[in-house]
Amino acid sequence: MTTTAPLTSYGPLQFPDRAGLTLWQFARAQRLGLIPGPDVAGGRWSAAVFDDALDRIDAIRQAVGAMPDVGAVRAEEHLAERFSMTVHSGTAAELARRGHLPVVGDHKGHPLYCGLTLENLMDRRKVERASAAGQLHMRDAAAKILGIRESDLDHLVRAGLLTHAATASSSWNKHDVVLLYRQADLDRVTRSHRIDWTAVRATPKGRRSPLAALPTQKRQTAGR
């Protein structure tokens, strides 16, 4: 039987490797304060810190959980499987917006959601509400939900009454950006007293929309 000789200090790869932790477990343990930051020169950990962590390794593994931090798609797939329910795209972002799912980093510009929180999230009603409110719709679907023409929806955007909540790449051309609208925002705009929805919905194709009279939202100047 061979053994690995102890070191006088441990680097950011040596520490988790010799402690039997994955890199994400090691990072989370530091984030939770279970393992302190480097305490010797060069961003390394002393043998004393390593030995202390090794003595507590089972407790550390239990505390950091079994699920790494993940992107929105994996988070929503996890929730759909856990609760055996439909979880719409946009649910993870909505849970984060409501303070139920922390964003702990990013990957290629996309948010990473806390795997430990996901692992411990047991409230089905929170997920149901977030899925309903956070569901994302493309422009044509959003207009159909509102019962208006797509050109009418463009007027709502121009006037600042509706703003896209997310973007996605087109299925036809990955370089084209598709704007996505959140269900809760669509619900909110339908309650606006500034709009005569009956008149808007009654306007036939080819006729000027009542929404054309809405003032255009002024764009803020950079630096102000």
Anything in the range 64-91 that is without any contact (Cβ under 8 Å) to a residue 24 or more places away in the chain, of a type in the set (A, V, I, L, M, F, W, C) and under 15 Å from ASP123 (Cα atoms)? List them, or say none. ALA80
So for the range 135-158 (the condition being out of contact with any Pro (no Cβ under 9 Å at 6 or more places or on another chain) and under 30 Å from TRP24 (Cβ atoms)), does at least one residue qualify? yes
Can you confirm whether ALA96 is surrounded by 12 or more Cβ atoms within 10 Å (Cβ to Cβ), closer than 30 Å to LEU179 by Cα and aliphatic (A, V, I, L, M)? yes
Note on the range 61-79: residues of a type in the set (A, V, I, L, M) and open to solvent by 30 Å² or more (accessible area, probe 1.4 Å) are ALA63, ALA66, ALA72, VAL73
Of all residues in the range 14-60 being among the basic types (Lys, Arg) and more than 17 Å from CYS114 (Cβ to Cβ), which is surrounded by the most Cβ atoms within 10 Å (Cβ to Cβ)? ARG44
Return yes or no: is ALA166 within 22 Å of GLY90 (Cα to Cα), under 27 Å from the mean Cα position of the chain (by Cα) and modelled with pLDDT under 95? yes
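The values are calculated or read from the model by the stated rules, or taken from the named source; none is laboratory data. A quick note: this is a predicted structure, and the numbers were derived from the prediction, not measured. We place every Cβ from the backbone using ideal geometry, glycine too, and count neighbours over all the protein chains shown. All accessible areas refer to the heavy atoms of the entire protein, side chains included, with ligands and DNA or RNA removed. Shrake-Rupley method; radii C 1.70, N 1.55, O 1.52, S 1.80 Å.
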